[in-house]
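First up is the structure itself, then whatever we jot down about it.
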Amino acid sequence: MDKSLEHYIFHKSNFLSHKFCEEALVELSDANWKKHNWDDVFDDDDIPTYRSGDNEPRVFYSSIEDGREQLNRDIVKKIHPVLSEYIDYLACEWFQAWSGYTSIKFIEYSHNQTMAYHCDHIRSMFDGKKKGIPILSIIGTLNDNYEGGELMMFDDQEMVMKQGDLIIFPSVFLYPHKINPIKKGKRYSYISWVW
């Protein structure tokens, strides 16, 4: 068993094609974006928590009602084989399966927007019908024509991601990460959690 934390971060280049990403960006251009908050992670009350104040990014969940469910389905369908590839890469006889993964959460970062340092102890994915714990985080990028917005793992490790790339890592406290503030342009990414 490899004991280095970096070993369990899996980078998949060109997971989504340039064409797919560009079409997704057009489709998301008029989405109903909402300010990101942290209540589903840390709090049990209904009061929104903004750890980055006015610099929180905006988020969007595709749904049947807004006509963008196909975008979610197209990405989710592609994730399954990459999860199998990740498990094969790890070659851990004690970790061979997962139960499911969440719908895609899209994130839009504009100038100065950031994602605070955190780990993915996500509770909101379980509604009483679905039960489990988040075991893997999946982050993908839809563009790379911006400045700043680096994905930082641990204290100082930059994960260089190009348009269409994806990374997978364990959703535990050992994998703290953040997005540095955007300096120029907009950053579009998405996330899903595996249980």
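Per-residue answers, yes or no, for (1) part of a loop (DSSP other than H, G, I, E, B); (2) hydrophobic (A, V, I, L, M, F, W, C); (3) closer than 28 Å to T49 by Cα:
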{"position": "D74", "(1), (2), (3)": "no, no, no"}
{"position": "F106", "(1), (2), (3)": "no, yes, yes"}
{"position": "S124", "(1), (2), (3)": "yes, no, yes"}
{"position": "K131", "(1), (2), (3)": "yes, no, yes"}
{"position": "I139", "(1), (2), (3)": "no, yes, yes"}
{"position": "K162", "(1), (2), (3)": "yes, no, no"}
{"position": "F169", "(1), (2), (3)": "no, yes, yes"}
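Inspect segment 108-119 for any residue being in a loop (DSSP other than H, G, I, E, B), modelled with pLDDT under 95, touching a helix residue (DSSP H, G or I) at 6+ places or on another chain (Cβ under 7 Å) and surrounded by fewer than 20 Cβ atoms within 10 Å (Cβ to Cβ) and give the result as yes or no. Steps first, answer last, please.
Step one: list which residues in segment 108-119 are in a loop (DSSP other than H, G, I, E, B), which gives 110, 112-114, 119.
Applying the additional criterion that residues be modelled with pLDDT under 95 yields 119.
Next, only the ones that are touching a helix residue (DSSP H, G or I) at 6+ places or on another chain (Cβ under 7 Å) stay: none.
No, there is no match, as no residue in segment 108-119 is in a loop (DSSP other than H, G, I, E, B), modelled with pLDDT under 95, touching a helix residue (DSSP H, G or I) at 6+ places or on another chain (Cβ under 7 Å) and surrounded by fewer than 20 Cβ atoms within 10 Å (Cβ to Cβ).
Just for segment 76-104: of the residues that are of a type outside the set (A, V, I, L, M, F, W, C), in contact (Cβ under 8 Å) with a residue 40 or more places away in the chain and part of a helix (DSSP H, G or I), which one is farthest from F169 (Cα to Cα)? Only one residue tops the list, namely K78.
Checked against (1) more than 18 Å from Y175 (Cβ to Cβ); (2) touching a Phe, Trp or Tyr at 6+ places or on another chain (Cβ under 6 Å); (3) modelled with pLDDT of 95 or more; (4) not in a strand (DSSP E or B), A31 passes all but a single condition, namely (3).
Name the residue that is farthest from Q163 (Cα to Cα), counting only residues in segment 7-33 that are exposed (fewer than 11 other Cβ atoms within 10 Å of the Cβ) and of a type outside the set (S, T, Y). Selected residue: D30. In a residue-by-residue description of segment 48-66, the property of being on the phi < 0 side of the Ramachandran plot, loosely packed, with under 12 Cβ neighbours inside 10 Å and modelled with pLDDT of 80 or more applies to at least one position.
Output the residues belonging to segment 164-186 that are out of contact with any Ser or Thr (no Cβ under 8 Å at 6 or more places or on another chain) and within 14 Å of L151 (Cα to Cα). Listed by number, the residues that qualify are I167, P176, H177, K183.
Does at least one position in segment 134-150 carry a residue that is farther than 19 Å from C21 by Cβ and charged (D, E, K, R)? No; the residues of segment 134-150 include none that is farther than 19 Å from C21 by Cβ and charged (D, E, K, R).
Go through segment 158-172 and give me each residue that's touching a Leu at 6+ places or on another chain (Cβ under 9 Å) and either touching a residue at least 40 places away in the same chain (Cβ under 8 Å) or closer than 22 Å to S17 by Cα (or both).
Initially, segment 158-172 is screened for residues touching a Leu at 6+ places or on another chain (Cβ under 9 Å), giving 158-161, 163-171.
The answer is M159, V160, M161, Q163, G164, D165, L166, I167, I168, F169, P170, S171.
Number of residues in segment 84-107 that are surrounded by 15 or more Cβ atoms within 10 Å (Cβ to Cβ) and at positive phi equals 0.
Look at segment 113-149 and say how many of its residues are touching a Lys or Arg at 6+ places or on another chain (Cβ under 9 Å) and within 16 Å of I179 (Cα to Cα).
Within segment 113-149, the first condition is being touching a Lys or Arg at 6+ places or on another chain (Cβ under 9 Å), and the residues that meet it are 113-118, 134, 140-149.
Narrowing further to those that are within 16 Å of I179 (Cα to Cα): 113-118, 140-149.
Qualifying residue count for the region: 16.
Filter segment 136-175 down to the residues that are among the hydroxyl-bearing types (S, T, Y) and out of contact with any strand residue (DSSP E or B) (no Cβ under 7 Å at 6 or more places or on another chain) and list them by number. Passing the criteria: none in range.
The C-beta contact set for segment 127-149 (first residue modelled with pLDDT under 85, second residue aromatic (F, W, Y), distance under 8 angstrom, 6+ apart or interchain) comprises K130/W195; G132/F126; G132/W195; I133/W195.
The residues on offer are L166, L174, L151, L142, and the sole one that is of a type in the set (A, V, I, L, M, F, W, C) and surrounded by fewer than 16 Cβ atoms within 10 Å (Cβ to Cβ) is L174.
The values are calculated or read from the model by the stated rules, or taken from the named source; none is laboratory data. Just so it is clear, the model here is predicted, and its values are computed rather than measured. Here Cβ is always computed from backbone atoms with ideal geometry, including for glycine, and neighbour counts include all displayed protein chains.
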